[in-house]
Amino acid sequence: AQSVTQLDSQVPVFEEAPVELRCNYSSSVSVYLFWYVQYPNQGLQLLLKYLSGSTLVESINGFEAEFNKSQTSFHLRKPSVHISDTAEYFCAVSGPGGTSYGKLTFGQGTILTVHP
Amino acid sequence: KAGVTQTPRYLIKTRGQQVTLSCSPISGHRSVSWYQQTPGQGLQFLFEYFSETQRNKGNFPGRFSGRQFSNSRSEMNVSTLELGDSALYLCASSPGLNQETQYFGPGTRLLVL
């Protein structure tokens, strides 16, 4: 069975400071990894994903995450945050086919609060 | 392309009633997955449909059911509502051929009184 642990439930940070949201996963098979963001009263928006290839993936709004297979981690980073990055962030994992069809396993979420 | 749409956006029901939620996937997507989001349990997978067949299901009681139509639209039904069913119900669509990215709708917020 797959599981995801987001190590911080809340991360406060000042505007323009760097931030790292930590995610570790557990799986016995190859995985695909995702970060989603949720703004209040909205659904989930895809931030970035790792399916294969380069272990460093980037989003269009400055976030990046690195897949580390040996440490089973997929931490999310941004070098300089904005007030508008305030939201809840979810790390998710899925596996190839079978019992993983259409199933994302999510972490508990990290609330990022950016202060002016 | 239009995104995933869900109707209704908000619902208030009383215990014992049943409810049906609807999800229209992105055009061309054949897989629809449903999730329940609550403050206590987080995001939990309910089930997934592909080409009108349930391919996968999570660990929810039989009161939770779903179906998918030939146009890939999906509905989920909850019978005999309980207070604990109050949640945000999210659906997501993907092409469905492999473990592709899922795209989420805005959700239906259900309140059970």
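For region B:73-89, the set of residues classified as in contact with a Pro (Cβ under 9 Å, 6 or more places away or on another chain) and among the hydroxyl-bearing types (S, T, Y) consists of B:S74 only. Being modelled with pLDDT of 95 or more, away from chain B (no Cβ under 13 Å) and open to solvent by 10 Å² or more (accessible area, probe 1.4 Å), is that true of even one residue in region A:97-111? No, there is no match, as no residue in region A:97-111 is modelled with pLDDT of 95 or more, away from chain B (no Cβ under 13 Å) and open to solvent by 10 Å² or more (accessible area, probe 1.4 Å).
Based on this model, can you work out whether A:L51 counts as in contact with a Pro (Cβ under 9 Å, 6 or more places away or on another chain) and either free of Cβ contacts under 8 Å to residues at least 24 places away in the same chain or surrounded by 19 or more Cβ atoms within 10 Å (Cβ to Cβ) (or both)? When the stated conditions are applied, A:L51 does not pass them. For A:C91, the conditions (1) farther than 23 Å from B:T38 by Cα; (2) crowded, with 16+ Cβ neighbours inside 10 Å all hold with the exception of (1).
From the list A:V37, A:V114, A:V93, A:V57, the one residue that fits, being within 14 Å of chain B (Cβ to nearest Cβ), among the β-branched types (V, I, T) and in contact (Cβ under 8 Å) with a residue 60 or more places away in the chain, is A:V93. The strands (runs of 3 or more DSSP E) located wholly in region B:1-88 that include 1 or more residues which are open to solvent by 40 Å² or more (accessible area, probe 1.4 Å) occupy B:5-7, B:10-13, B:19-24, B:42-50, B:53-57, B:64-68.
Six or more apart or on different chains, Cβ atoms under 9 Å: show the pairs whose first residue is in region B:97-113 and more than 7 Å from chain A (Cβ to nearest Cβ) and whose second is among the basic types (K, R) and assigned to a strand (DSSP E or B). Every condition considered, the pairs that remain are B:L110/B:K13; B:L111/B:K13; B:V112/B:K13; B:L113/B:K13. If the condition is being surrounded by 12 or more Cβ atoms within 10 Å (Cβ to Cβ), of a type in the set (A, V, I, L, M) and farther than 17 Å from A:T86 by Cβ, then region A:1-18 contributes A:V4, A:L7. Exactly one residue out of B:S27, B:S70, B:S51 is out of contact with any Pro (no Cβ under 9 Å at 6 or more places or on another chain), free of Cβ contacts under 8 Å to residues at least 60 places away in the same chain and closer than 28 Å to A:Y89 by Cα, and it is B:S27.
The values are calculated or read from the model by the stated rules, or taken from the named source; none is laboratory data. Since this is a predicted model, take the numbers as computed values, not measurements. All Cβ positions, glycine included, derive from the backbone under ideal geometry; neighbour counts span all protein chains shown. Surface accessibility is based on the protein's heavy atoms, side chains included, excluding ligands, DNA and RNA. Shrake-Rupley method; radii C 1.70, N 1.55, O 1.52, S 1.80 Å.
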